Amino acid sequence: MKLNHINLTVTDVLAAADFLEKYFGLQRQGGDQKFQLLFDDGGMVITLMKTGRDVKYPATFHIGFGQESEDQVNAVYQRLIDDGFEVEPPQRSHAWTFYVLAPGGFTVEVLC
């Protein structure tokens, strides 16, 4: 069995889609300001749907993007910092990892 898709409810669909494309290489296929489809290299889909109110995910909710090396984790971290995101530095936990609040109101973990 293979995971097919995850739907995220977000406050800003286009900003969230731009973020996932720029930092994690997802490919956008169709959509508008209320709905976007993004695909990863393996065919898994993230759908983004607009909400009319604040997003309220549970505190520990997040999606994760695994990297092949610590250097790649560090590179994503540095790109985010350079682009003005407030991100705590990577640290050794269950992996070499950090978390960032994405535009639209959901959390992303970057790890290897």
- Looking at the stretch 82-104, is at least one residue touching a residue at least 40 places away in the same chain (Cβ under 8 Å) and more than 24 Å from Gln33 (Cα to Cα)? no
- Leu38 passes all but one of (1) at pLDDT 95 or above; (2) within 20 Å of Tyr99 (Cα to Cα); which number fails? (2)
- Message: Looking only at the stretch 13-52, how many residues end up being buried (at least 16 other Cβ atoms within 10 Å of the Cβ) and touching a Lys or Arg at 6+ places or on another chain (Cβ under 8 Å)?
- Response: 7
- Being over 22 Å from Val55 (Cβ atoms) and not charged (D, E, K, R) is the filter; apply it to the stretch 77-88 and report the residue that is surrounded by the most Cβ atoms within 10 Å (Cβ to Cβ). Tyr77
- Note on the structure: Of those in the stretch 53-74 that are in contact (Cβ under 8 Å) with a residue 40 or more places away in the chain and acidic (Asp, Glu), the residue surrounded by the most Cβ atoms within 10 Å (Cβ to Cβ) is Glu70
- Looking at the stretch 89-102, which of the residues that are touching a helix residue (DSSP H, G or I) at 6+ places or on another chain (Cβ under 9 Å) and surrounded by fewer than 18 Cβ atoms within 10 Å (Cβ to Cβ) is nearest to Ala75 (Cα to Cα)? Pro89
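The values are calculated or read from the model by the stated rules, or taken from the named source; none is laboratory data. This one's a predicted model, so the numbers in the text were calculated from it and none came from an experiment. Counting neighbours? That spans all protein chains shown, and the Cβs are built from the backbone with ideal geometry, glycine included.
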